[in-house]
Amino acid sequence: MRVVTWNVNSVKQRVPRLLPWLDQRRPDVLCLQETKLADEAFTALLGEELAKRDYQVALAGEVQWNGVAILSRVGLDDVTVGIEGAPGFPHPEARAVAATCGGVRIQCLYVPNGRTPDSDHYRYKLEWLAALREVVRQGPADSIVCGDMNIAPTDADVFDPDAYVGQ
């Protein structure tokens with residue numbers, strides 16, 4: 001099974017690249033982050049095109065910000081939106097969707113950006129990741145966690161290390 005993840009940073013802006021890419025690569029599962037569309041708008045924009053390509057879709061979107069989606073050609077069962085026990089900032093955000101695709105549990109995530117270690121955003125991120133850890137710990141064993149993790153533990157993980165000092 002070919003599983004791909006892509007932070008599209010606005011699926012509306014990526015449609016001219018997304019559809020030809022799907023036709024060329026034909027992944028079994030595609031996880032998208034930062035869709036930046038409410039579920040209804042995503043479906044209106046891409047629903048028919050994805051159905052023509054035999055993709056089922058699981059969505060967790062919101063207007064203008066965040067948003068994640070799983071596109072699957074190998075089944076889409078047991079869809080869950082969000083992370084059980086995860087905090088909001090201040091309300092739950094559209095940052096996680098999971099589904100069982102071809103017998104494998106897929107978690108598609110857009111992990112919160114912690115900004116600086118002394119910020120409320122950082123504490124929110126740590127609490128969110130703790131809730132995710134518990135969900136993943138519960139299984140199943142055949143699982144994939146993918147997405148935009150917003151985690152850069154070394155200088156090699158960012159394009160300009162000097163720009164991220166203290167973040």
**Equivalent-ellipsoid semi-axes of region 57-125, from the Cα gyration tensor, Å, largest first** = 26, 12, 10
**Asked** For residue 91, what accessible area in Å² do you get when you roll a 1.4 Å probe over the heavy atoms of the protein chains, rounding to the nearest 10?
**Response** 100 Å²
**Prompt:** Can you give the accessible area of residue 12, probe radius 1.4 Å, in Å² rounded to 10?
**Reply:** 120 Å²
**Item:** Net lengthening on full extension, residue 48/residue 26 (0.36 nm per residue, minus Cα-Cα)
**Value:** 6.3 nm
**Request:** Compute from the Cα atoms of region 81-167 the Rg and the Dmax, the latter being the longest Cα-Cα distance, and quote both in angstrom.
**Result:** 14.3, 43
**Complete:** Under the Karplus relation with 6.51, -1.76 and 1.60 and θ = phi - 60°, whole-Hz ³J(HN,Hα) for region 108-121, x at Gly and Pro, equal 9, 10, 10, 5, x, 7, x, 6, 10, x, 9, 9, 4, 4
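So for region 78-161, averaging the separation of alpha carbon pairs under 8 Å that are six or more residues apart and normalising by length, what relative contact order in percent results?
30 percent
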**Prompt:** Between the helical axis of 39-52 and the dominant principal axis of the chain, each derived from Cα atoms, what acute angle in degrees is found, rounded to the nearest 10?
**Reply:** 40 degrees
**Request:** Multiply the residue gap between residue 17 and residue 152 by 0.36 nm, knock off their C-alpha separation, and tell me the result in nm, one decimal place.
**Result:** 45.9 nm
**Prompt:** Residues of region 128-167 with amide nitrogen under 19 Å from the 7 Å Cα-to-Cβ point of residue 84?
**Reply:** 128-146
**Request:** Please work out how much accessible surface residue 42 shows to a 1.4 Å probe, ignoring ligands, DNA and RNA, in Å² rounded to 10.
**Result:** 10 Å²
**Item:** Square roots of five times the Cα gyration tensor eigenvalues for region 1-86, Å
**Value:** 19, 16, 12
**Complete:** Quick shape summary for region 105-146, equivalent ellipsoid via Cα gyration tensor, semi-axes whole Å in descending order, reads 24, 10, 5
**Message:** Out of all Cα-Cα pairs in the chain, roughly what percent, to the nearest whole number, are more than 24 Å apart?
**Reply:** 36 percent
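The values are calculated or read from the model by the stated rules, or taken from the named source; none is laboratory data. Note that this is a predicted model, so its numbers are computed, not measured. Cβ: placed from backbone, ideal geometry, glycine included. Neighbour counts: every protein chain shown. With ligands, DNA and RNA removed, areas are computed over all heavy atoms of the protein, side chains included. Shrake-Rupley method; radii C 1.70, N 1.55, O 1.52, S 1.80 Å.
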